[in-house]
Amino acid sequence: MSVLLSKTPPTSRPNYIIDQLEGERISIPGSKGVFRILASSKQTNGSMAIFQSGAVLSDAPGFHWHDEAHDVFLVLKGFLKLWNGDKCRIMGPGDFAYVPPKVIHNPELLGPHTETLGLIVPGDWVDFFRYVGEEYDGIVVPENDGRDIRALLLPKVIAAKDRFDVHFVPEHQPPDLGDWLDTENRLPGPLQPYFLRANAGPRWILGGVISRPFINAEQCDGKFAITSIESSNAYGQSPLRRWMTFTSTCHCFYVTEGLLRVRVKGESNDEGWEVVREGQTLVVAGGQTFALEFGSRFVRAIVFSNGRGLQNLIQAAGKPYAGFVLPEQPLLWTEESLQSVSDELNVALEDAFGG
């Protein structure tokens, strides 16, 4: 039986693939944008929601903060202007920002066509989108929706001000737009708002698999982690080509380049491997056994997890990496290095397999 290919997150099966530009699609009237929910509470045991957001130039929603919700922004294309605490930056492709609870923020998609990946913890926060928005059945984004977003949004927000963790601050005096700083290339301490430049930050490598974390569980009170993993089929067998079972950690893979191949125990097709292509999203439930390999010369995927997961495995069993691109040859690694960290990370690992 194959992993389910679905247009929206299913409620009956925890492992699934969603096609490019699909998902539960919601548009806030007048926003000229769409939220495509890829996973939320039902698929992650309430822990997180993951969505893609696309829009052309439109008004920002307004300055607001969350009492408990964590928010992130990762730009895939176009440009995003984000006020985040006492800083404001224009973010381009690959740039990342983290907004912890109680920090005032406001995103403005500058276009001409901007796409971002977002995560919100806890997962049921996206019920706010469902409440203020409407189902979108168009192609990409409603570019010609000329309705007044504030006139339509404000009455709903006032009526539901106690239902959702969204607190608008209309009198807020925002910080001026600033230039990127040299220090915005590293991960800060816990629960600090920050910006991270594209391809900056720490890098780890296990064999021929690079992990570039955008945020670790340590930065967000253990709630989640986000990293970019990269590798190549030119290396031969990957250290991740083995059965891996993370006891309680869900994983969501959004493929940005190349072909990622996955094998889910109990849901593999006759060939053994499912192909996840550029723009597709794979969700693997916590406690599910799966294996990964890389199906093209260059593969890159953004990996979301609700706690310590694949990124921690690569970091603990691998080593820091000074390079910026894949090495010509994979670095040496040992089976013992993987097995030695499995108990600490609460992950069951089986020996690599061929075929």
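Comparison of Phe63, Phe51 shows that the only residue that is more than 15 Å from Gly33 (Cα to Cα), among the hydrophobic types (A, V, I, L, M, F, W, C) and in contact (Cβ under 8 Å) with a residue 60 or more places away in the chain is Phe63. Applying the selection to the range 294-314, what residues are surrounded by fewer than 23 Cβ atoms within 10 Å (Cβ to Cβ) and modelled with pLDDT under 95? Across the range 294-314, the qualifying residue is only Gly307. Quick one: would you say Ile17 is closer than 15 Å to Thr116 by Cβ and of a type in the set (A, V, I, L, M, F, W, C)? Against the criterion (closer than 15 Å to Thr116 by Cβ and of a type in the set (A, V, I, L, M, F, W, C)), Ile17 does not qualify.
When the strands (runs of 3 or more DSSP E) confined to the range 1-100 are screened for residues that are modelled with pLDDT of 95 or more, those reaching at least 1 such residues are found at 16-18, 24-27, 33-39, 49-55, 70-84, 87-91, 96-99. Is it the case that the range 246-258 has a residue that's under 25 Å from Pro101 (Cα atoms) and β-branched (Val, Ile, Thr)? Within the range 246-258 (the criterion being under 25 Å from Pro101 (Cα atoms) and β-branched (Val, Ile, Thr)), the answer is yes, since at least one residue qualifies. Of the residues making up the range 314-346, those that are outside any loop (DSSP other than H, G, I, E, B) and either in contact with a helix residue (DSSP H, G or I) (Cβ under 6 Å, 6 or more places away or on another chain) or assigned by TED's automatic domain parsing to the domain that holds Leu119 (or both) number 6. Scanning the range 283-303 for residues that are closer than 16 Å to Phe246 by Cα and in a strand (DSSP E or B) yields Val283, Val284, Thr289, Phe290, Ala291, Leu292, Val303. Among the residues of the range 304-313, those identified as touching a helix residue (DSSP H, G or I) at 6+ places or on another chain (Cβ under 7 Å) and assigned to a loop (DSSP other than H, G, I, E, B) are Asn306, Gly307, Arg308.
Going by the conditions given, is Phe79 aromatic (Phe, Trp, Tyr), buried (at least 20 other Cβ atoms within 10 Å of the Cβ) and either at positive phi or within 19 Å of the chain's Cα centre (by Cα) (or both)? Taking the combined requirement at face value, the residue does not satisfy it. Only one entry in Leu177, Leu117, Leu154 is surrounded by 19 or more Cβ atoms within 10 Å (Cβ to Cβ) and either modelled with pLDDT of 90 or more or farther than 27 Å from Thr227 by Cβ (or both), namely Leu117.
The values are calculated or read from the model by the stated rules, or taken from the named source; none is laboratory data. Since this is a predicted model, take the numbers as computed values, not measurements. Using ideal geometry, Cβ is built from the backbone for each residue, glycine included, and neighbour counts are taken over all protein chains shown.
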